[in-house]
Amino acid sequence: RLGLYFDPGLLSLLSPPPAVKCKTGPLDIVFVIDSSRSVRPFEFETMRRFLIDIIQNLEVGPNATRVGVIQYSSQVQNIFSLKTFFKRADMEKAINSIVPLAQGTMTGLAIQYAMNLAFTVQEGARPLHKKIPRVAVIVTDGRPQDRVTEVAAQARGAGIEIYAVGVQRADMNSLRAMASHPLEEHVFLVESFDLIQQFGKQFQDNQLCLSAIDACADGKHGCEHQCVSSRGSYTCHCRTGYNLNQDKKTCTMINYCNFGNHSCQHKCMSIPNGYYCRCNDGFTLQADGKACQASDICNGIDHGCEFKCVSTPGSYHCVCPEGQQLHADGKTCNKCKSSHVDLVLVIDGSKSVRPQNFEVVKQFVNQIVDFLDVSAHGTRVGLVQYSSRVRTEFPLNQYKTAEDIKKAVLKVEYMEKGTMTGLALKHMLEHSFSEAEGARPLSQNIPRIGLVFTDGRSQDDIAEWARKAKESGITMFAVGVGKAVEEELREIASEPVEQHFSYSADFSTMTHIVDNLKVNICPGRCWQGLCGGFTQEFRGRTVASVTFRIQAFPS
């Protein structure tokens, strides 16, 4: 229990302390006294004597201790400031002239006044660099009607040492919220106003005089973290999350993991004031902060798998499409060279994508190109970028090798404007798949594939041009990231819709889309589609267990 309780029977056994003046050092002390309506007239008279008795035993003067007095109820009134009087007789006269306010109990307002005005240099407080202790003695008989915790903390942070003296009806929790630490030396509860005058003499001798001595000031205390001066001596304190060692000077961090209640599945890591859980390599910490699950390493590294990466606990391996074999490098697959396609990639270059993510999109394009058998007579690839306008980066007939296409992709400059997806679809249909730009005649039965990438809602209508593109024989894929709209992706995608659109929550998790869009163009196997089933999340709900399949003309 913190606080000092006075028993009248015990006080009667104590001999009165000698009337000695505090000569250990100067103070700037402000008394903050409660004059609310709950303090009855005869009780207020006792409080006057309490103030006068303390001042009588202080060595007051401009270069010694300076005294100020304020009273408060529903408002705050300055009785005299630190610069007003330097003689005890003048102070006593002013105290005897106080007329109680007899209203509410706005203790927080009084502390705010003391911090912002009473302890300013303009009102007589010595500058902080002179290291004259600033002491506030708050005397109250009731519960504050406003908040005191925050303003008291601000006052203490500003260098004011606060003593909280409660009389009879005072609330102990409020006293503790106001007072400086250690609380046992700054919180006092007196049972009645009759006892406060006797308490005042002991309080002055045992507390205020010793407050003037800063035992930490010489720097010889040896405290590792904090030195707290108290009653002419000092104690060492540790920061939150540390315990004081037996030498009472050094500190050791508390190991919260040793308490045995952390519930971490793999590892518990102790930190000041707490702990956190960590997973073993190859595992990811789950949303509860405790459990671990085998990581999808394929999404977190540049795995280099040509077709698909499969994560295993702590590792991964590459796989190839059905009918193809993995090369000795463990990454690449032997490609089927007997099927051809005209593929146009339409990528979103709007402002919402952002430059760093646009680079990820270009890597996404190149990972698809890596898997294609690009040649003049084999697969042809074209690239279109759109924002508020549409730009052909290169047509289907410009590049004849995958390496040339990849180099061109890396040189594409980010547009960074609006999102006119409908305009991009129109451009793709009317220009990108024209024979003038390299699309082979429909009579040759070369599949035409359009893959549209977007990260947000279109600013124009997409329905008409998405429909016309599909009616013209183009198999449409829609790939959405981030704020892409599911309804728009479905509008763009060919039937069956569930097999022709995909979504990723953010750019960093697009690897699964790449793996499932890589093309196996061998007849009779997958060039009826892009093979690779997976279940994906769209806006926090499961869409379907999808097999990506690009519908092509019958072989």
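The values are calculated or read from the model by the stated rules, or taken from the named source; none is laboratory data. All figures in this text were calculated on a predicted structure; none of them were measured in a lab. Cβ sites come from the backbone with ideal geometry, for glycine too, and all protein chains shown count toward neighbours. The accessibility values were calculated without ligands, DNA or RNA, using every heavy atom of the protein model including side chains. Shrake-Rupley method; radii C 1.70, N 1.55, O 1.52, S 1.80 Å.
For Cys305, the amide hydrogen comes within under 5 Å of no other amide hydrogen, counting only partners 5 or more places away or on other chains and with H modelled in the peptide plane. Taking GluC sites (Glu not before Pro) across region 97-172, none is in a DSSP loop with at most 10 further Cβ atoms lying within 10 angstrom of its Cβ. Karplus-derived 3J(HN,Hα) values for region 85-97, using 6.51 cos²θ - 1.76 cosθ + 1.60 with θ = phi - 60°, are 10, 10, 10, 5, 4, 5, 5, 4, 4, 5, 5, 5, 8 Hz; glycine and proline are entered as x. Note on region 342-522: Kirkwood radius taken over Cα pairs, Stokes-Einstein applied at 10 °C and 1.306 mPa s, translational D equal to 99 µm² s⁻¹. Within the assembled protein chains, the solvent-accessible surface assigned to Lys351 is about 130 Å², based on a 1.4 Å probe.
Centre-to-centre separation between the Cα atoms of region 158-194 and those of region 338-415: 74 Å. Ligands, DNA and RNA are left out, and with a 1.4 angstrom probe the accessible area of region 27-208 is 40 Å² per residue. In this calculation the C-beta distance from Glu471 to Ala291 is compared with R0 = 60 Å, giving a FRET efficiency of 0.75. Stretching Ala463 away from Arg354 to a fully extended chain increases their span by 36.6 nm, per 0.36 nm per residue minus the current alpha-carbon distance.
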